[in-house]
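**Q** I'd like to ask you about the structure that follows.
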There are 2 protein chains.
Amino acid sequence: MTEGTVYEALTVDTLPARLERVAALVAQVGAGDWQVEEVGDGNLNLVFIVSGPRGKAIVKQALPYVRLVGDSWPLPLYRAFYEYHALTRQAARDPGSVPVIHHFDKDQALIVMEYLSPHVILRRKLIAGERVAGLAAFLGRFCARTAFRGSELSMASPDKKADVALFAGNVEIPAITEALVFTDPYYAAEMNSHTPGLEPVIARLRGDVALKVKAQQALQRFVSNTETMVHGDLHSGSIMSTAVDSRVIDPEFVQYGPLGFDIGMLCANFLMAYFSQPAHRGDDLSAYQDWILGVITEVCETFETEFRHLWSTERTGILYPAALFEDQGHDSAPACDAVLTGLWRDAWTVCGIEMHRRCLSLAHNADFEDIPDPAIRAPLEARNLLLGADLIRLADTITAAEEVCERARRYNVTDVI
Amino acid sequence: MTEGTVYEALTVDTLPARLERVAALVAQVGAGDWQVEEVGDGNLNLVFIVSGPRGKAIVKQALPYVRLVGDSWPLPLYRAFYEYHALTRQAARDPGSVPVIHHFDKDQALIVMEYLSPHVILRRKLIAGERVAGLAAFLGRFCARTAFRGSELSMASPDKKADVALFAGNVEIPAITEALVFTDPYYAAEMNSHTPGLEPVIARLRGDVALKVKAQQALQRFVSNTETMVHGDLHSGSIMSTAVDSRVIDPEFVQYGPLGFDIGMLCANFLMAYFSQPAHRGDDLSAYQDWILGVITEVCETFETEFRHLWSTERTGILYPAALFEDQGHDSAPACDAVLTGLWRDAWTVCGIEMHRRCLSLAHNADFEDIPDPAIRAPLEARNLLLGADLIRLADTITAAEEVCERARRYNVTDVI
């Protein structure tokens, strides 16, 4: 398969013949007999594990439609191009955080990358009650490093502007976020679904004009704020972990967006894991829920520590220059505080919105969806929805993740429906 | 002159032979004997008036360096390309507000446009104490219409994203704003200059860490907020007026930026005109100063009225959709209020910063510069600097332009140095 060929979706059967001359793939798996398995469980792509005499590799190929819905919802193949460029930037900004890329074919919308083993999707581990050592520190650093190093706190302005222009071409994928995440939860959108029993809670959310204004202000910032390159879909399904190692995958929702976007969405997914646990755990419920909240707290603390470290060591962009602070004998910490205040405001707002959309909009979470009995699922989702609303309303005033965790603990022992 | 030719700056002598085959120019001025006059008094371009048997036209050509400084400061010719695209969008969003474009030549960085007569630069009229009927309503509408109609309150997201990518190529010109406007006033930048006597006021500004943080937060929003297409340099030197008619010119600093940027910079320039008047007027001082403050108030009131009108009649973008408000029986006015609150916060911050940079950074205003005696100029500039600092500090809390005008009136009768 060479550049310039017409796109054609791979199958388990056609892959070996079509990719046998991709040197980077052969170098990974070895020439000869290949076993191919299709393992894509996401919503948008084909994912193959190719096993050969020397090893394994992942071949990820974009499909020209939303897999979850079918070919009635077309989606441009160019997202593989943006995913590729996102992965290279994330690898540079936080080395080791993403899979190694072996090969990219733009026309086939195809990326050959490192096979992670024995990594599994973090969401599955959270549902199974498994712990991952070092997870919070890894994720806090990843969010801080990609946020800071992708912004004009660090980047040269011409480089950053060229990147903004490049990623502005990724239109349809972020448009999914714009609609499904920020707007659909707050009205009866066509593709919405929710667990029966949640109607009174949903009515409260949709009747709260101030809440909807804040959610739309967050959308306004999402579509018109190019502070940094965000992963754009950083939930527990975009993280693969072993018991001691983690990587971030699937940045095809990449765009320039608010500094606090990724960590906000990430915390939401841990909070949903937390609220869903009573349906998944037995005797270890309380200890495992505490562990999840501990991850949230440590993610946020690590983020702050790393962000402040980068502020003091890598602030080479045009924003908050030393000429205005250190060079005049002034501490720049108040400036860093101001940036972080805005960042956390955005993060907790997005966190609350993500908690809503995963129960009310199109793409629900396995954390809740794997609970077969709606009568058990609904009250857990209701707690999650109400905390989400609190976070949107209070985002301006939250000063530490521990406040969020404390509020989660209270909802966790309250019957709200 | 045809596309594809190598750039060469025009002169009064070479223009007729080089442009005689530009049909759109000939259609305006007629074939035959042309008189050519160079009238560029700005910092960046050649501007010719071409007079022929049938009429006149303007030929504006970018120079490959900053005219104010010389060829030691190169500046890309592509800014004419962005000026051209900005003019076409402004003409569509507020018809009649900008000169009619007859011809654009990308390679020669050259625009042939309507000769406005008897229009003169508004700044000259303000220094001369002349009134312009309809000025405030025109400018308030222009700012509101270009802000609203260039944003995702109105535009389709793919169109807006394509435009963001296009204008992200305009790097060096906005970079001038980034440095000269937002940062240079607050430290001893190399190209700065100021009137002797202002040193104590300057020391107060540069010693105020909270003020510098707010100025840099405004820079952060300026470089990473693509809410709408802004003119980018909307001062009284970018407006041409007769006694009854006005147009906006020179949008080469165009970029996507905050909704409140243009109106903030505009108000700053009226406030500087106001503070400079004691050196320019006699008996009519008080009446003329009142007229200027009346313009500011009416610009802002017109802006609000027009913005709210567009909100209720042209809100076709993805932001604050009717599905979340009107369609659920909810008034969307609180959402519009929230947008305007953020917009005015940005506007008054930029206003204060612009008032600082025009007295402290590189490109000063004729309003003050035309005052030959520094002993007269300094105290007037000092009042302006102190109001600017107030606006930056209080931008979050200002609810009406009248508050700003009232504060200006108090400084106007106070000896601050």
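**Q** Among residues belonging to segment A:280-320 that are more than 30 Å from residue B:183 (Cα to Cα) and free of Cβ contacts under 8 Å to residues at least 24 places away in the same chain, point out the one that is surrounded by the most Cβ atoms within 10 Å (Cβ to Cβ).
**A** This residue is A:285.
**Q** Of the residues in segment A:321-349, how many are surrounded by fewer than 14 Cβ atoms within 10 Å (Cβ to Cβ) and among the β-branched types (Val, Ile, Thr)?
**A** 1
**Q** Return only the number of the condition from (1) surrounded by fewer than 17 Cβ atoms within 10 Å (Cβ to Cβ); (2) assigned by TED's automatic domain parsing to the domain that holds residue A:292; (3) not small (Gly, Ala, Ser) that residue A:417 does not satisfy.
**A** Of the numbered conditions (1) surrounded by fewer than 17 Cβ atoms within 10 Å (Cβ to Cβ); (2) assigned by TED's automatic domain parsing to the domain that holds residue A:292; (3) not small (Gly, Ala, Ser), the odd one out for residue A:417 is (2).
**Q** On to the next question. State the number of residues belonging to segment A:188-205 that are touching a Pro at 6+ places or on another chain (Cβ under 6 Å) and surrounded by fewer than 15 Cβ atoms within 10 Å (Cβ to Cβ).
**A** Of the residues in that region, 1 qualify.
**Q** Please report, ordered by residue number, the strands (runs of 3 or more DSSP E) entirely within segment A:233-330 with at least 1 residues that are more than 30 Å from residue A:158 (Cα to Cα) and either modelled with pLDDT of 95 or more or not acidic (Asp, Glu) (or both).
**A** So the answer is A:239-241, A:246-248.
**Q** Now for a separate question. Can you tell me which of A:192, A:170 is over 20 Å from residue A:395 (Cα atoms) and modelled with pLDDT of 95 or more?
**A** Of the residues listed, the single one that is over 20 Å from residue A:395 (Cα atoms) and modelled with pLDDT of 95 or more is A:192.
**Q** Show the residue pairs that are 6+ apart or on different chains and have beta-carbon atoms under 8 Å apart, the first residue being within segment B:26-40 and surrounded by 11 or more Cβ atoms within 10 Å (Cβ to Cβ), the second being part of a helix (DSSP H, G or I).
**A** B:34/B:15; B:34/B:16; B:36/B:15; B:36/B:16
**Q** Let me spell it out: the conditions are (1) surrounded by 15 or more Cβ atoms within 10 Å (Cβ to Cβ); (2) not in a strand (DSSP E or B), and residue A:48 meets all of them except one. Which number is the exception?
**A** All conditions pass for residue A:48, except number (2).
**Q** Can you confirm whether residue A:353 is farther than 19 Å from residue A:289 by Cβ, crowded, with 19+ Cβ neighbours inside 10 Å and in contact (Cβ under 8 Å) with a residue 12 or more places away in the chain?
**A** The answer is yes for residue A:353.
**Q** If we keep just the residues of segment B:42-94 that are among the aromatic types (Phe, Trp, Tyr) and modelled with pLDDT under 95, which is farthest from residue B:362 (Cα to Cα)?
**A** Among those that are among the aromatic types (Phe, Trp, Tyr) and modelled with pLDDT under 95, it is B:78.
**Q** I've got another one for you. Looking at segment A:191-208, I want the residues that are among the aliphatic types (A, V, I, L, M) and have a partner that is assigned to a loop (DSSP other than H, G, I, E, B) with Cβ atoms under 6 Å, at least 6 apart or on another chain. Which pairs are those?
**A** Taking only residues 6 or more apart or on different chains, the pairs are A:191/A:362.
**Q** Still on this structure: Kindly indicate whether residue A:284 is of a type outside the set (Lys, Arg), within 19 Å of residue A:135 (Cβ to Cβ) and out of contact with any strand residue (DSSP E or B) (no Cβ under 7 Å at 6 or more places or on another chain).
**A** In short, yes.
**Q** Related question: Among the residues of segment B:129-161, which ones are surrounded by fewer than 18 Cβ atoms within 10 Å (Cβ to Cβ) and free of Cβ contacts under 8 Å to residues at least 60 places away in the same chain?
**A** If the condition is that a residue be surrounded by fewer than 18 Cβ atoms within 10 Å (Cβ to Cβ) and free of Cβ contacts under 8 Å to residues at least 60 places away in the same chain, then B:158, B:159 are the ones that fit.
The values are calculated or read from the model by the stated rules, or taken from the named source; none is laboratory data. As the structure is a prediction and not an experimental result, all values here were calculated from the model. When we count neighbours, we look across all protein chains shown, and the Cβ atoms used for this are built from the backbone with ideal geometry, even at glycine.
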